[in-house]
1. Please enumerate, by chain and number, the aspartates and glutamates with C-alpha under 12 Å from the C-alpha of Lys259, excluding those fewer than 8 residues away in the same chain.
2. Give, rounded to the nearest 20 debye, the magnitude of the charge dipole that region 249-373 has about its Cα centre when Lys and Arg contribute +1 at Cβ and Asp and Glu contribute -1 at Cβ.
3. Return a whole-number percent for the relative contact order of the chain, with Cα pairs under 8 Å and 6 or more residues apart as the contact set.
4. Give the percent of DSSP beta bridges with both residues in the chain that are antiparallel, rounded to the nearest 5.
5. Restricting to DSSP loop positions (anything but H, G, I, E, B) with no more than 16 other Cβ atoms inside 10 Å of their own Cβ, which GluC sites (Glu not before Pro) remain in region 100-194?
6. So, with a 1.4 angstrom probe, what is the percent of accessible area on the chain that is carbon and sulfur?
7. Sort region 227-266 into rounded, prolate or oblate with this rule: let a ≥ b ≥ c be the square roots of the eigenvalues of the Cα gyration tensor; rounded if a/c is under 1.5, and if a/c is not under 1.5, prolate when a/b is larger than b/c, oblate otherwise.
8. Might you report the magnitude of the Cβ-based charge dipole of the chain about its Cα centre, with Lys and Arg at +1 and Asp and Glu at -1, to the nearest 20 debye?
Amino acid sequence: MDSTTWVGATAKQIARAVRRGDANATQVVADHLEQIAISDPSLGAFRVVRGGEALTEAEKVDDQEDLANLPLAGVPVAVKENTPVAGLQTWHGSAAARTPEVAEVDHEVVRRLRGAGAVVVGVTKMPEMGLWAVTDDPDGVTRNPWDLDRTPGGSSGGSAAAVAAGLVPIAQGNDGLGSIRIPAACCGLVGLKPGRGVVPVDFGDNDWFGLVENGVLTTTVADAALGFSVLAGQSPAKLVEPSKLRVGVSLRSPIAGVKPDEPNVSAVAKASKLLVDAGHDTVSADPRYPNGVALGVLATWFAGAYKNSEGLNVRELQPRTQRHIRLGKAVTRAGLIRQTQRDAWRARSIRFFADHNVDLLLTPALATAPPLALQYSAIPWYRNMRANAEYAPYQAPWNFAGLPAIVVPVGFRPDGMPLAVQLVGPPDSELLLLAVAGQFEVQNPWQRHALV
């Protein structure tokens, strides 16, 4: 961190300094707004930057008398653009998908962030209706700060790019089929998808039949734990060093014919060694991914688009989105969205841990390097589908099961792009996942920011 600016500091460092009076929220926010103005033109992470409004809100934080009770005092945060922020339109990834009216009140997770002392500096970009693991629209492409020719992933791509570039220390995202964990892996961040019912969702018809969860993207495990506790409405908890665990390790892809490349295989091997070095046991344990689960995920992805399109002029949406909606209409009418199927997979996923006598599951985070940063909105639907399936197959089953999962950086590919792994746990294991991620961080510290 440069001694003349708070850009690059962690959320915990900023909040501690503001609470102690070593820094003021107004200057912290001003520093980050300046960095956004410098760096975001090349990244395209933000849809809207709340310059004057954010400074006014930071001044109000400085005027509060109860700073000691604000775990995110003065911390600049970004919010994904499908999450209502009072006074702004909710974009959902494109002008055609945005709400015509401004939000009158904050979404509950935004309210909780602000209640903890955070200052919303802007909203970040996502692909149209959150459907893709790449982030772009007809007006521009959001880019990865580690390599501007690569995507930051999606659908929380703007949030990930902003955090990885140091434009904010923490950003809210949401995850319906991997939309926090995929961009976290692409951008070298910590990304936790909480389990079902732990953090408020409240997206109505936009929750993809209950698959979507809200969470945060950060550069450190401590910040991830802090952000999680705020969103979950819990008191900030100190992570406890886990006792000896037995961790299942699997390279098996949920999508037939898709396999991890050598760097991602090596990432899992490195993570396995880190677990053993931390005193845990690792064993081979492959989940069985029934064809029905893959088809159920696919049908829900399509049907979610169809359900979310109600009230929109579908003809104004991107061609790839229109194709998704047509397929969603067909699977909905065919009755292929079945809660019983999700319930059965959830039960089977929970039973996996008992059947294999493991506490957690370790998998690759990605199968390949992040794809190139292109205008995918102008590319045919089937090429979007192929790009998504070939590089990010490992996340969706755990949304379908409603289980918590986290992505943690473990190094770099030969081309300099970040490498990461995914840890999955049974219900209510969010703090355990964070604690194990913290052990990775201690043993194998990662570079927190890309230099844009």
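1. Glu390
2. 740 debye
3. Reported relative contact order: 18 percent.
4. Given both bridge residues lie in the chain, the antiparallel proportion sits at roughly 65 percent.
5. In loop regions of region 100-194 (DSSP not H, G, I, E or B), the sparsely surrounded GluC sites (Glu not before Pro) are Glu101, Glu104.
6. Roughly 51 percent of what the probe reaches on the chain is carbon or sulfur.
7. Prolate, because a/c is 1.5 or more and a/b exceeds b/c.
8. Using Cβ point charges on Lys, Arg, Asp and Glu, the chain gives about 1580 debye.
The values are calculated or read from the model by the stated rules, or taken from the named source; none is laboratory data. All figures in this text were calculated on a predicted structure; none of them were measured in a lab. Cβ: placed from backbone, ideal geometry, glycine included. Neighbour counts: every protein chain shown. Side chains included, ligands, DNA and RNA excluded: accessible areas come from the protein's heavy atoms. Shrake-Rupley method; radii C 1.70, N 1.55, O 1.52, S 1.80 Å.
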